[in-house]
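Heads up, the thing below is written out as structure tokens.
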Amino acid sequence: MKPFLLLILLGVFAQSALAQTLPSKVYSWNKAPVATYVGYEDRTLVEGTTRDFNDFSVHGITLFADQPEPPNQIVDDEILVIVKEGELTVTLGEKTKTLGPGSVVLVMPGDAHRFANKSRKPVTYFVMRYTSKEVPDLDLTQLAGQSFWVDWKEVPYKPHDKGGIRRMFDQATVMCKRFEMHVTTLNPGLWSHPPHTHRAAEILLLIENTAQESIDGVLHPAEVGDIIFLESNVPHGIQNTGSKPCTYFAFQFE
């Protein structure tokens, strides 16, 4: 039992053999099913397949306080972590750093890593896992050392006429021809862009206040913690529906 729970703790989730193609919609944090185990909770937000990924999932993991540090783990898919609340201690190879809310970790296949809570408060983070439909068999020994983190505190904020932006990263990865991530702050009442389409699938993650997403002409409300999944070439646009600026992660991948 303990080894199985430890794998879940590290963000290693079993992929469903009956995975379905994901519809473009808002996936609610508050309505997602939660499984509670010794030392942590696992919230299932998204599971299925997309145009570009055979397996795609997003979970919310809460590690309770004062948990023992797990051993290193190596996996053959790609993992994206975004810290929601609290402090997450991340080890990539020989490097270790404690990251706060908004910080990002990208773990490449074959890289040794571990996630731990060394604080006296719970830490909650999103874990996105995916496997490309186009990637051939991987020699994991040749991929080591490509993982990285982005500390929220070290990313400059650049104001613009609609609010502002933080550029997190933009690069090719093992599983993506291009993976671009930024964080937008949008002023009250404004649309980020008119409804539009693009080849790259996109995910939005709301981290502050409220918004609504236009998906193929239908408006969908979104709250903090919600995942907005937008498949390739689906018309979409986001509007701040609150009285204060809203903030959200936006990432495109193909």
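The values are calculated or read from the model by the stated rules, or taken from the named source; none is laboratory data. Keep in mind the model is a prediction, meaning the values are calculated, not measured. Reconstructed Cβ throughout: ideal geometry from the backbone, glycine too, with neighbour counts over all protein chains shown. Ligands, DNA and RNA are stripped out before the accessible areas are found, and what is left, the full protein with its side chains, is counted by its heavy atoms. Shrake-Rupley method; radii C 1.70, N 1.55, O 1.52, S 1.80 Å.
Miscellaneous remarks
- Length gained when the stretch Lys97-Glu69 is fully extended (0.36 nm per residue, less Cα-Cα span): 8.7 nm
- The chain - percent of accessible surface contributed by carbon and sulfur, probe 1.4 Å: 52
- The amide H of Thr210, built 1.01 Å from its N in the peptide plane, has Thr241, Gly242 as neighbours under 5 Å, considering only residues 5 or more places off or on other chains.
- Summed over the residues of the chain and divided among them, the accessible surface reaches 46 Å² per residue at a probe radius of 1.4 Å.
- Phi angles of the range 69-80 translate, via the Karplus equation with coefficients 6.51, -1.76, 1.60 and θ = phi - 60°, into HN-Hα couplings of 6, x, x, 4, 10, 10, 10, 10, 10, 9, 10, 10 Hz per residue; Gly and Pro are given as x.
- Förster radius 41 Å - calculated FRET efficiency between Asn54 and Trp191 (Cβ-Cβ, nearest 0.05): 0.75
- The range 16-82: trypsin sites (Lys or Arg not before Pro) falling in loop per DSSP and having at most 11 other Cβ within 10 Å: Lys31
- Dimensions (Å) - the range 44-166, Cα atoms, principal axes, largest first: 44, 39, 28
- Contact order normalised by residue count of the chain, Cα under 8 Å, 6+ apart, percent: 18
- Extension gain (nm, one decimal) between Ser28 and Glu208, 0.36 nm per residue minus Cα-Cα: 63.4 nm
- Centroid-to-centroid separation of the range 26-65 and the range 143-216 [C-alpha atoms, Å]: 20
- All lysines inside 21 Å of Lys118 as judged from Cα atoms, apart from same-chain residues fewer than 8 positions distant: Lys2, Lys84, Lys95, Lys97, Lys153
- Across the range 114-230, the mean sequence separation of Cα contacts (distance under 8 Å, 6 or more residues apart), normalised by length, yields a relative contact order of 14 percent.
- FRET efficiency for the Asp76 to Lys121 pair, using the beta carbon distance and R₀ = 51 Å, is estimated at 0.95.
- Qualifying trypsin sites (Lys or Arg not before Pro) in the range 171-242, where qualification requires a DSSP coil assignment and no more than 11 other C-beta atoms within 10 Å, comprise Arg199.
- The amide H of Trp29, built 1.01 Å from its N in the peptide plane, has Asp226, Ile227 as neighbours under 5 Å, considering only residues 5 or more places off or on other chains.
- Over all directions, the projected convex hull of the C-alpha atoms in the chain averages 13.5 nm² in area.
- Nonlocal amide H pairs with Asp216, under 5 Å, H built at 1.01 Å: His236
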